[in-house]
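To keep things clear, I will list the structure first and then write my remarks on it.
The values are calculated or read from the model by the stated rules, or taken from the named source; none is laboratory data. Keep in mind it's a predicted model, so treat the numbers as computed, not measured. Here Cβ is always computed from backbone atoms with ideal geometry, including for glycine, and neighbour counts include all displayed protein chains. Just the protein is used for accessible areas: all its heavy atoms, side chains included, with ligands, DNA and RNA removed. Shrake-Rupley method; radii C 1.70, N 1.55, O 1.52, S 1.80 Å.
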Amino acid sequence: MKRALSLTSIVLCFGLLLFSCGKDDGGDTSGQDDPKISSFSPTSGPVGTEIFIMGQNFGSTAAANTVKIGNTAATIATASTTELFIIVPEGATTGKISVTANGKTDTGGTFTVTDDKPGVLVLNKNQLELFTLDSETLSLVSGNDENATISWSSDDENVAVVDDNGKVTGIMEGSATITATVGDNDVDAVVHVKASIFAIGYETIEDVKVAKIWKNGIPTNLTDGTRLGVATSVFVYSTDVYVSGIESNQNDLPSAKVWKNGEPLYTLSDANNYGVAHSIYVYDGDVYVAGSETNENEIATAIIWKDGVTYATLTGGTEGSLASGIFVNEVGIYTAGHEESQEHVNGTAKLWKNTAKEDLTEETYHSRAHAVYANGSNSYVAGYEENESGIQIAKVWKNGEVTNLTDGSKDAEANSIFVVGEDIYVAGGYFDDMETSNQAIVWKNDAPTTLGTAGSAASSVYLYGGDVYVGGYQSDGDVTNATVWKNQVSMNLTLSDGAGDSAVLSIFIR
């Protein structure tokens, strides 16, 4: 019996694209601290238009700058040393934009002041910056009749969509042009979408685990803290965020749960049974969940749920089993888990392709499969197997062929797997004592890289844009703190207040 619990065991137990303006000869630019205009947008518009100016060495406050269009001083809405937002004032005429700060002036390109008349459409903003699944509403501020119909469109709905009211929502990283059309006239705004980091897990608040989701470090509680709650897996599909996990029910038994956009979607298990939802995957709009539920004989049975109802029971119910990871593609449904036997009451590692079972070990020693990734018909499974000394060895099985990630000198496990091309990334690590000896590791193929310091654990790995993201926890000696690392460096997202234990159990980047 291990004296300390691994991270997995805790759960089982319970750039702006700007319209550049040509730079004209301007003020004195010889000094390093002189203001410099690099670009501004838009380049034309009527009185009241907001202009975004980029550069360097501006005054840090509005009062520390003077901005002119020709000879007319503009209203400065906000200011920083690199960005200025100004508003075209009454009386302004076409002229060059200049910025004066620190007693020095730099002059940029020409801004054309247009007539504010019907037929000239003007948006409240010409540039938007959003994270994925965030929204902001555009509106026409001039040029349209109150009774006119405004048609909105996006030139790339994979990046951003816009509804009939001008509400723009980021879908995935990139840039798109949003167009408002009235009759024969139209006007554009460019939206730049940045990827979001979705992390889920739990935070202990007043001695109760609360299921949580963090988006770019901003938390949302999925459970109210009156009963145990843990979020185990996250998947983002279209504009929706799906989370699996557990929440104690009125009988004080864990129930397998699914949340959608922070709200309860499905309770998967019977209130009289012990239910666990470990992994979630959304494919072609269908929601697949892997976990287990006790039967009438109080034996845990590995289950796949689809859209809230039982899709497949993976074992016969005579021996205990659990489905820990799921991946769905055009070939089929891949599920990783374990099944108990008379020889090994704690189970041996299994992979199910659809519902056909494959043994990953010879069942000589205790083992488990925690996660699965599939590329076509190629399957990759992460888990562990004990050796003859009872020490857990972190392992990866590719199409059933095993690779040892650790040498068996101390307990280790592999918790999560992600495959890019020929490269296999695995999150896991060594564990012995939660505060001092646990060590988070990410392997690329079979080469390990240490994350954090002693007292850390890695539960989830995700590759995005060439960057390696890992979720887990880092102990400060008193409590464990939910942590996300990017390329081996903590992102310092401040996912908890540090009053109670917290951990990230799954991450998704989009």
Once amide H atoms are built 1.01 Å from N in the peptide plane, which residues 5 or more positions from V504, or in another chain, come under 5 Å H to H? G472, Y473, T483
How much length would be gained if the chain were fully extended between S135 and A148, taking 0.36 nm per residue of separation minus their Cα-Cα distance, in nm to one decimal? 2.3 nm
For N158, project a label point 7 Å along Cα to C-beta. Then give me every residue of segment 494-510 with its amide nitrogen under 18 Å of that point. 509-510
Can you give the alpha-carbon Rg of the chain over 2.2 N^0.38 Å, where N counts its residues? 1.19
Taking H placed 1.01 Å from N in the peptide plane, check which residues at least 5 places from S255 or on another chain put their amide H under 5 Å from its amide H. E247, S248, N249, G275
How large is ³J(HN,Hα), in whole Hz, for each residue of segment 310-323 in order, when computed from phi with the Karplus curve 6.51 cos²θ - 1.76 cosθ + 1.60 and θ = phi - 60°, using x for Gly and Pro? 4, 9, 7, 9, 8, 10, x, x, 8, 10, x, 7, 8, 9
Give the residues of segment 404-432 whose amide nitrogen is closer than 17 Å to a point set 7 Å from the Cα of N387 in the direction of its Cβ. 404-414, 429-432
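Largest first and in whole Å, what are the equivalent-ellipsoid semi-axes of segment 372-507 based on the Cα gyration tensor, each being the root of 5 times an eigenvalue?
Values: eigenvalues 120, 72, 22 Å².
The three semi-axes for segment 372-507 are 24, 19, 11 Å.
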Solvent-accessible area per residue for the chain at a 1.4 Å probe radius, Å²? 43
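Report, to the nearest whole %, how much of the accessible area of the chain belongs to carbon and sulfur atoms, 1.4 Å probe, protein only.
Values: 9620 of 22140 Å².
Carbon and sulfur together cover 43 percent of it.
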N329-D446 FRET efficiency (beta carbon distance; Förster radius 30 Å; 0.05 resolution): 0.75
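Place the peptides 82-93, 367-378 in order of packing, highest mean first, counting for every residue the other Cβ atoms within 10 Å and averaging per peptide. Intermediate values should be presented prior to the final figure.
Details: 82-93: 16.7, 367-378: 21.7.
Those peptides, ordered most packed to least, come out 367-378, 82-93.
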At the level of C-alpha centres, the distance separating segment 236-258 and segment 439-458, in angstrom, is 28
Quick calc: nm separation of the 7 Å Cα→Cβ label points for N221 and Q488 -> 3.9
Give the peptides 384-395, 286-297 in descending order of average Cβ contacts within 10 Å, highest first. 286-297, 384-395
Determine the principal axes of the Cα atoms in segment 189-280, then give the extent along each, sorted from largest to smallest and rounded to whole angstroms. 54, 27, 17
Where does each of 200-207, 37-44 land if you order them by average Cβ count within 10 Å, highest first? 200-207, 37-44
